[in-house]
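Asks: Before anything else, here's the structure in question.
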Amino acid sequence: MRVTVLGTGIMGAPIARNIAAAGHEVRAWNRTSEKAQGIEGVEAVEDPVEAVRGAEVVITMLADGDAVLEVLERTREAIDGVLCQMSTIGVRALEQVAQLGLPLVDAPVSGTRQPAEKGELVVLAAGPDELVERCAPVLEPIASKVVRLGAVGEATRMKLVLNHWLLGLLDTLAETIQLSRELNVDPEAFLGAIRGGPLGVAYADLKGKMMIEGVYDPPAFPLRLARKDADLVLEAVDQELIRHVREHLARAEAAGHGDEDMAAIAAAPRP
């Protein structure tokens with residue numbers, strides 16, 4: 001298939017590479033054009049209109065709803081394939097995308113740099129069955145699992161629920177590591193105590209190690225985007241837990257950790 005990927009950052013670049021490795025013809029565009037160059041098997045195109053022209057599937061993997069809407073306003077007349085909207089943009093921005101009238105699959109992904117590079121993302125796919133099926137050959141090489149949902153919008157709402165769980169877990173982990181230090185308990189011993197048992201999750205080892213060492217580079221997922229994801233949950237539902245987490249993320253971002261891994265929530269200055 002002829003596929004275009006709009007956005008080649010932490011997630012978009014490995015998505016484009018894995019689709020190309022599966023034998024598809026892939027073009028890529030990025031606002032900073034250098035980031036679209038040098039991706040194995042992928043043709044970098046500087047003009048987004050030329051990038052989408054003739055593509056059977058157009059994937060958007062951009063930072064936020066404003067970026068998605070901006071590039072779609074520029075390219076909508078040239079898109080005659082399926083728009084597979086994979087960015088995390090929230091309910092309101094997705095409604096604006098749907099109003100453009102393009103054949104649309106709502107397909108945000110769950111995962112960070114490492115699963116994206118390995119082709120092991122979880123894709124949440126919603127929309128007309130025919131359109132989802134047309135995207136299936138493109139989703140297979142980037143996903144460990146495709147979760148089929150109903151109408152456009154259902155995948156985006158599910159992504160907000162997943163992000164609520166993830167952000168709550170992230171903040172609780174940071175707070176628990178801080179508590180262990182205050183009680184003179186080795187944080188590594190805490191992680192060891194939950195590892196392999198019903199209280200343990202792989203995510204605790206992954207992010208806990210970064211929090212304990214205080215090293216947040218390279219980022220698997222930037223903290224500023226985690227703060228954006230918290231904003232999207234709050235945009236949909238004013239929820240107390242995420243308001244609390246969002247405050248921690250915002251303090252860490254204001255302290256200069258926005259481009260570091262979201263585990264840097266542990267470095268947020270105390271109020």
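Asks: Could you run through region 17-29 and say how many residues are assigned to a helix (DSSP H, G or I) and either surrounded by fewer than 21 Cβ atoms within 10 Å (Cβ to Cβ) or outside the structural domain of A116 (by TED's automatic domain parsing) (or both)? Before the answer, list the steps.
Replies: Pass one, region 17-29, residues assigned to a helix (DSSP H, G or I): 17-21.
From what's left, either surrounded by fewer than 21 Cβ atoms within 10 Å (Cβ to Cβ) or outside the structural domain of A116 (by TED's automatic domain parsing) (or both): 21.
The qualifying residues number 1.
Asks: Is region 158-174 home to any residue that is of a type in the set (F, W, Y) and touching a helix residue (DSSP H, G or I) at 6+ places or on another chain (Cβ under 6 Å)? Can you show your working first?
Replies: Just the residues of region 158-174 that are of a type in the set (F, W, Y), to begin with: 165.
Then keep just the ones that are touching a helix residue (DSSP H, G or I) at 6+ places or on another chain (Cβ under 6 Å); that gives none.
Within region 158-174, none of the residues are of a type in the set (F, W, Y) and touching a helix residue (DSSP H, G or I) at 6+ places or on another chain (Cβ under 6 Å).
Asks: Consider S144 against the criteria (1) farther than 20 Å from R227 by Cα; (2) assigned by TED's automatic domain parsing to the domain that holds P218: it satisfies all of them except one. Which criterion is unmet?
Replies: For S144, the exception is condition (2).
The values are calculated or read from the model by the stated rules, or taken from the named source; none is laboratory data. Keep in mind it's a predicted model, so treat the numbers as computed, not measured. Methodologically, a virtual Cβ is constructed for each residue, glycine included, from the backbone with ideal geometry; neighbour enumeration extends over all protein chains shown.
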